[in-house]
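K.L.:
Pasting a structure here, questions to come.
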Amino acid sequence: MDLKLKIWRQASRNEKGQFVDYEVHNISPDTSFLEMIDILNDELVEKGGDPVAFDHDCREGICGMCSMFINGHPHGPEAATTTCQLHMRKFKDGETIVIEPWRARPFPVIKDLVVDRSAFDEIIRAGGYISTTTGGVPDANAIPIKKVNADLAMDAAACIGCGACVAACKNASAMLFVSAKVSQFALLPQGKVEAKDRVKDMVAKMDELGFGNCTNTYACEAECPKEISITNIARMNRQFIGAKLG
Amino acid sequence: MTKINSKIPEGPIAEKWTRYKEHQKLVNPANKRKIEIIVVGTGLAGGAAAASLGEMGFSVKVFCIQDSPRRAHSIAAQGGINAAKNYPNDGDTIYRLFYDTVKGGDYRARESNTYRLAEVSNNIIDQCVAQGVPFAREYSGYLANRSFGGALVSRTFYARGQTGQQLLLGAYGALSKEIKRGSVELFTRREMLDLVVMKDGRARGIIVRNLFTGELERYSAHAVLLATGGYGNVYFLSTNAMTSNGSAAWRAYKRGAYFANPCYVQIHPTCIPVHGEYQSKLTLMSESLRNDGRIWVPKKKEDAERIRKKEIRPRDIAEEDRDYYLERRYPAFGNLAPRDVSSRAAKERCDAGYGVGPTGLAVFLDLKDAIVRLGKDVIKARYGNLFDMYQRIVDDDPYETPMMIYPAIHYTMGGLWVDYELQSNIPGLFVGGEANFSDHGANRLGASAIMQGLSDGYFVLPYTMQNYLADQIAVGTIPTDSPEFDDTEKDVRARIDKLMAVNGKETVDYFHKKLGHVMWDHVGMARNKAGLEEGIKMIQEVRKEFWSNVRVPGNPNGINIELEKALRVSDFLELGELMARDALHREESAGGHFREEYQTPDGEAMRNDKNFMYVAAWEYPGDDKEPILNKEELNYEFIEVKTRNYKTA
Ligand SMILES: Cc1cc2nc3c(=O)[nH]c(=O)nc-3n(C[C@H](O)[C@H](O)[C@H](O)COP(=O)(O)OP(=O)(O)OC[C@H]3O[C@@H](n4cnc5c(N)ncnc54)[C@H](O)[C@@H]3O)c2cc1C
Ligand code: SF4
Ligand code: FES
């Protein structure tokens, strides 16, 4: 395949960026999207240019590191797929592909396609855990948990913290991400003890960091590579109201 | 040769760890805050250790390459984690888990460490459930288990195909809690490039490169823990994450730490086969699929050839024309034979001309019988995400046609040498997780790596490091402007400048791929004397070419992804040679190390216990000198050493 690429290049956080046009040729449809960028980068390096900086690590759709906004969609056009799991057979020969970083105020661009997502870590730090310490816990089978609840908790816990939900949202809301963590623990008996403080603290931190409000456009759910359900947002809202009342 | 002291406590095996804990030294709680610890790595081992040490009150600094601790390579572990809970009541015990691990490791692991691992395995499951890890459960509400290779009991706990993710998020939660409390300070996008060892021989700090600014930074502490993962990426193609590297361990080696058993590498039998030259990594299909899947190739060469040419499809091959070679060769364990055995059996069939797929380097993993027996829904619930991943990569529907798999580099049993306390021979340098030479001997069983990472991190290092730190309060804060810090930073800077100055023509990946090919062909699944000798020469040549013709563009100030890769590959080019040397010196076949000269007539590995029942701990004597071999003899007091047998139970 031959492809035209329009890629966002930005030297650093404080400099202005712009789109730069590139071409790649003879790409096998079995190549992954990131391998296609590897090929481009090899050519750039061979010509003495500066390779395109982008985040990636596992290339298996699980670490949440990759983060490209491709043709208007975070992680590209294929549903339930991270950038690293996207393959070139999903594109047409001769197509022009536009590649941008996540664009959201709480995720500043650091270089090219690399953004700073440490705001997500800060939200988790506000309470996205159960405050047990190592040792002194009961036997793992001491508290049975209904299979449906364990399965729903696992559905929510599948979030990879990639930030596509924020990038997809016109308000840059982090509700899907936060609600996934809140829901996971709300569904488990171990998580109930701190449930009220957890939801209040995490939501407060999210607001403080400049993430926007949720106006129910559901763009986040549609773009989430792990198919995290917006029912988690509803569950979190119930928790939040409960926490405020009590 | 130095005498190696592994500091194994006296007493019966089941009492050693308890006795150790009863007699270890403790730090006065009021003093803990004044004692500083550096933890490099936020995978299961580093994340769990940093959180636990923080909870105990120590001042911890934790470092990782990624933008968040949650993204360490451990996140990718799929299949599960072992523990001797015996919830299914199928006869499991701590001793049996210990025994299986030592046997699986082909009697090349240290007994006392492996027993301790089995002993604390149950605590790990308790801990993770308390953290809210959503393990799979039965309708009763109790925890579910499944089987993994090399065991006849069902002792593996799992969270769909994302066990590593869930366990790591548990550790990340614990770590986040401590960061918020102020006991742990987090440094992301930092890569350790050297270890600082003081004149008195103690490890006291690290030099890191800030991957955003490019600046070199100095950090000091009373003790340093490396939990930096394995070095499988020396082969270029592996199932490891792209930034997984051997540099932290290699730099420690060059500062005097022993590197143990570097040739013990695990090749995983069930990975998606290589498709093309631009492939950047290999994807694992969890071994858990072997619970319900059957592995086969055609019995007739003609059939194999017609499948390769796509003239016929796998389902056109009649049942009696299929060779379920694992079931045939290993009737007792069948498709659940351990990884080294299964990988070699696949290679044997493909080399003999029975392989499938476009390259002939693939075998079938077929879930058809299980789909018929259990229904598509059950299979989907068990392996849905794996099937989706396979389909996305290969563009083939595994519900309809058998998957194609081939062995790939997956895990490194070798690593920095540590004693019973997980301390290296450099006082104050501790090593945990895949980075140490580990409890797995010459081969690791499935679902035991993350068990070991969490065992080291939650339950072993917090005790043993405290034992070391008990008398360190007198030392006071350690300044970072000492000559040792100055010199080490100077060395790092010189290395970076040298790389930038080469200004050659080829990219870093060009050399990495070249090295990877040599390693796979000569230090891979089957090794022999001549091949290893040639391999060593070839590695030296690639290294020479690298230093005269690599191109690292841009400058070292700021993000420079090519420089990051170049630093890692320059270390792989040295480590690869040590692996080959170790493989050459070990004139036996053991676990993942298979020497063609040492096999039985029917192709099974032949150990040489008389001459090689030891850990090879290599010592760095300076560049241009041959590495020095130190031996830690292995004594099996509590297990009878046998030939591994997976043919009969
Ligand atoms: C695809 C896959 C599936 C697997 N599935 C299973 C399974 O089901 N069960 C099982 O038991 N095992 C499994 N394993 C093996 C297991 O995941 C690993 O052995 C284990 O997670 C290693 O954990 P760790 O904590 O030692 O290191 P890692 O998780 O590799 O973490 C290394 C850490 O060190 C940091 N680091 C590295 N170098 C530096 C440096 N120079 N400076 C600063 N930081 C550095 C990294 O940023 C990272 O935080 C699997 C492995 C793979 C590849
Ligand atoms: S909710 Fe989905 S899109 Fe948002 S961070 Fe999690 S996985 Fe990514
Ligand atoms: S690189 Fe890990 S999710 Fe894409």
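K.L.:
Of the residues B:V62, B:V102, which single one is part of a helix (DSSP H, G or I) and in contact (Cβ under 8 Å) with a residue 24 or more places away in the chain?
P.N.:
On inspection, the qualifying residue turns out to be B:V102.
For (1) among the charged types (D, E, K, R); (2) in contact with a helix residue (DSSP H, G or I) (Cβ under 9 Å, 6 or more places away or on another chain); (3) within 26 Å of A:S67 (Cα to Cα), each residue gets a yes or a no:
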position: A:K147; (1), (2), (3): yes, no, no
position: A:C165; (1), (2), (3): no, yes, yes
position: A:Q184; (1), (2), (3): no, yes, yes
position: A:G191; (1), (2), (3): no, yes, no
position: A:E221; (1), (2), (3): yes, yes, yes
position: A:I233; (1), (2), (3): no, yes, yes
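K.L.:
Please determine, by comparing only the residues of segment B:250-267 that are open to solvent by 10 Å² or more (accessible area, probe 1.4 Å) and touching a strand residue (DSSP E or B) at 6+ places or on another chain (Cβ under 7 Å), which one is farthest from ligand 3 (Cβ to nearest atom).
P.N.:
B:G256
K.L.:
Look through segment B:568-590, keep the residues that are open to solvent by 10 Å² or more (accessible area, probe 1.4 Å) and either closer than 30 Å to B:E215 by Cα or modelled with pLDDT under 95 (or both), and return whichever of them is farthest from the other protein chains (Cβ to nearest Cβ).
P.N.:
For segment B:568-590, the residue satisfying everything is B:E574.
K.L.:
Can I ask one more? I'm told A:I160 meets every condition in (1) over 19 Å from B:Q166 (Cα atoms); (2) of a type in the set (V, I, T); (3) buried (at least 24 other Cβ atoms within 10 Å of the Cβ) except one. Can you identify the failing condition by its number?
P.N.:
That leaves (1) as the condition not met.
K.L.:
If you don't mind, there's one more thing I want to ask. Only one residue in B:E277, B:E305 is of a type in the set (D, E) and part of a loop (DSSP other than H, G, I, E, B). Which one?
P.N.:
Of the residues listed, the single one that is of a type in the set (D, E) and part of a loop (DSSP other than H, G, I, E, B) is B:E277.
K.L.:
In addition: B:L461 - would you say it is within 30 Å of B:A84 (Cα to Cα), within 28 Å of the chain's Cα centre (by Cα) and outside any helix (DSSP H, G or I)?
P.N.:
no
Results for (1) within 11 Å of chain B (Cβ to nearest Cβ); (2) touching a Lys or Arg at 6+ places or on another chain (Cβ under 6 Å); (3) more than 30 Å from B:M285 (Cβ to Cβ), shown as yes or no for each residue.
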| site | (1), (2), (3) |
| --- | --- |
| A:M36 | yes, no, no |
| A:I39 | yes, no, no |
| A:G61 | yes, no, no |
| A:P74 | no, no, no |
| A:L86 | yes, no, no |
| A:R105 | no, no, yes |
| A:F120 | yes, no, no |
| A:I124 | yes, no, yes |
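K.L.:
Residue by residue through segment A:221-245, note down the ones that are more than 14 Å from chain B (Cβ to nearest Cβ), within 14 Å of A:V178 (Cβ to Cβ) and within 16 Å of ligand 3 (Cβ to nearest atom).
P.N.:
A:C224
K.L.:
Oh, and also: Determine, yes or no, whether A:V166 is open to solvent by less than 10 Å² (accessible area, probe 1.4 Å), more than 16 Å from ligand 1 (Cβ to nearest atom), outside the structural domain of A:R103 (by TED's automatic domain parsing) and under 17 Å from A:G127 (Cβ atoms). Outline the logic, then answer.
P.N.:
Details: open to solvent by less than 10 Å² (accessible area, probe 1.4 Å): yes; more than 16 Å from ligand 1 (Cβ to nearest atom): yes; outside the structural domain of A:R103 (by TED's automatic domain parsing): yes; under 17 Å from A:G127 (Cβ atoms): no.
In short, no.
A quick yes/no check of all residues on (1) among the small types (G, A, S); (2) within 14 Å of chain A (Cβ to nearest Cβ); (3) closer than 20 Å to B:A223 by Cα:
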{"position": "B:P407", "(1), (2), (3)": "no, no, no"}
{"position": "B:G415", "(1), (2), (3)": "yes, no, yes"}
{"position": "B:E421", "(1), (2), (3)": "no, no, yes"}
{"position": "B:P427", "(1), (2), (3)": "no, no, yes"}
{"position": "B:Q452", "(1), (2), (3)": "no, no, no"}
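K.L.:
Please work out which one of (1) more than 16 Å from ligand 3 (Cβ to nearest atom); (2) under 24 Å from B:Y620 (Cα atoms) is the condition B:S244 fails and give its number.
P.N.:
If we test B:S244 against (1) more than 16 Å from ligand 3 (Cβ to nearest atom); (2) under 24 Å from B:Y620 (Cα atoms), just (1) comes out false.
K.L.:
Quickly run through segment B:134-159 and pick out the residues that are buried (at least 24 other Cβ atoms within 10 Å of the Cβ) and either within 19 Å of A:D121 (Cβ to Cβ) or within 7 Å of chain A (Cβ to nearest Cβ) (or both).
P.N.:
Result: B:P134, B:A159.
K.L.:
Can you find a residue in segment B:383-404 that is at positive phi, touching a helix residue (DSSP H, G or I) at 6+ places or on another chain (Cβ under 9 Å) and within 13 Å of ligand 1 (Cβ to nearest atom)?
P.N.:
Looking through segment B:383-404, none of the residues is at positive phi, touching a helix residue (DSSP H, G or I) at 6+ places or on another chain (Cβ under 9 Å) and within 13 Å of ligand 1 (Cβ to nearest atom).
K.L.:
So which residues in segment A:139-166 are without any contact (Cβ under 8 Å) to a residue 40 or more places away in the chain, at the interface with chain B (Cβ under 7 Å from one of its Cβ atoms) and away from ligand 2 (no atom under 16 Å from the Cβ)?
P.N.:
A:D139, A:A140, A:N141, A:P144, A:K146, A:K147, A:A150
K.L.:
Quick check on segment B:624-638. Is at least one of its residues over 29 Å from B:E10 (Cβ atoms), modelled with pLDDT under 95 and not in a loop (DSSP other than H, G, I, E, B)?
P.N.:
No; the residues of segment B:624-638 include none that is over 29 Å from B:E10 (Cβ atoms), modelled with pLDDT under 95 and not in a loop (DSSP other than H, G, I, E, B).
K.L.:
Turning to a different aspect of this structure: Which one of these is within 30 Å of A:E43 (Cα to Cα) and buried (at least 17 other Cβ atoms within 10 Å of the Cβ): B:V502, B:V492?
P.N.:
B:V492
K.L.:
Which of (1) in contact (Cβ under 8 Å) with a residue 60 or more places away in the chain; (2) away from ligand 3 (no atom under 16 Å from the Cβ) does B:Q78 not meet, given it meets every other one?
P.N.:
Tallying (1) in contact (Cβ under 8 Å) with a residue 60 or more places away in the chain; (2) away from ligand 3 (no atom under 16 Å from the Cβ), B:Q78 fails exactly one: (2).
K.L.:
Right, here's the next one. Please go through segment B:113-133 and pick out each residue that is open to solvent by less than 10 Å² (accessible area, probe 1.4 Å), in contact with a helix residue (DSSP H, G or I) (Cβ under 7 Å, 6 or more places away or on another chain) and of a type in the set (S, T, N, Q).
P.N.:
Those that are open to solvent by less than 10 Å² (accessible area, probe 1.4 Å), in contact with a helix residue (DSSP H, G or I) (Cβ under 7 Å, 6 or more places away or on another chain) and of a type in the set (S, T, N, Q): B:T114, B:S121, B:Q127.
K.L.:
May I ask you to say which residue of B:I125, B:I81 is of a type in the set (A, V, I, L, M, F, W, C) and at the interface with chain A (Cβ under 8 Å from one of its Cβ atoms)?
P.N.:
The match here is B:I125.
K.L.:
Separate question: Please tell me if A:E78 is in the same structural domain as A:E223 (by TED's automatic domain parsing), open to solvent by 10 Å² or more (accessible area, probe 1.4 Å) and either at pLDDT below 95 or within 16 Å of ligand 2 (Cβ to nearest atom) (or both).
P.N.:
Considered against the rule, which asks whether it is in the same structural domain as A:E223 (by TED's automatic domain parsing), open to solvent by 10 Å² or more (accessible area, probe 1.4 Å) and either at pLDDT below 95 or within 16 Å of ligand 2 (Cβ to nearest atom) (or both), A:E78 comes out as no.
K.L.:
Got a number for residues in segment A:198-218 being farther than 13 Å from A:A119 by Cβ, in contact with a Lys or Arg (Cβ under 9 Å, 6 or more places away or on another chain), open to solvent by 20 Å² or more (accessible area, probe 1.4 Å) and assigned to a helix (DSSP H, G or I)?
P.N.:
Qualifying residue count for the region: 1.
K.L.:
In addition: Could you grab me the full set of residues in segment A:53-75 that are within 11 Å of ligand 2 (Cβ to nearest atom) and not in a loop (DSSP other than H, G, I, E, B)?
P.N.:
A:P74 - this is the single residue of segment A:53-75 that is within 11 Å of ligand 2 (Cβ to nearest atom) and not in a loop (DSSP other than H, G, I, E, B).
K.L.:
Being within 18 Å of B:D396 (Cβ to Cβ) and basic (K, R) is the requirement here; does B:R313 meet it? Explain how you work it out, then say what you get.
P.N.:
Numbers: within 18 Å of B:D396 (Cβ to Cβ): yes; basic (K, R): yes.
Judged against the criteria, B:R313 is a match.
K.L.:
Consider B:I179 carefully, then state whether it is closer than 30 Å to A:S12 by Cα, aliphatic (A, V, I, L, M) and away from every other protein chain (no Cβ under 13 Å).
P.N.:
Criteria not met by B:I179.
The values are calculated or read from the model by the stated rules, or taken from the named source; none is laboratory data. What you see is a predicted model, and the numbers here were worked out from it, not measured in a lab. For neighbour counting, all protein chains shown are included, and Cβ atoms are generated from backbone atoms with ideal geometry for every residue, glycine included. Each accessible area value is taken on the protein alone, full model and side chains, heavy atoms only, with ligands, DNA and RNA left out. Shrake-Rupley method; radii C 1.70, N 1.55, O 1.52, S 1.80 Å.
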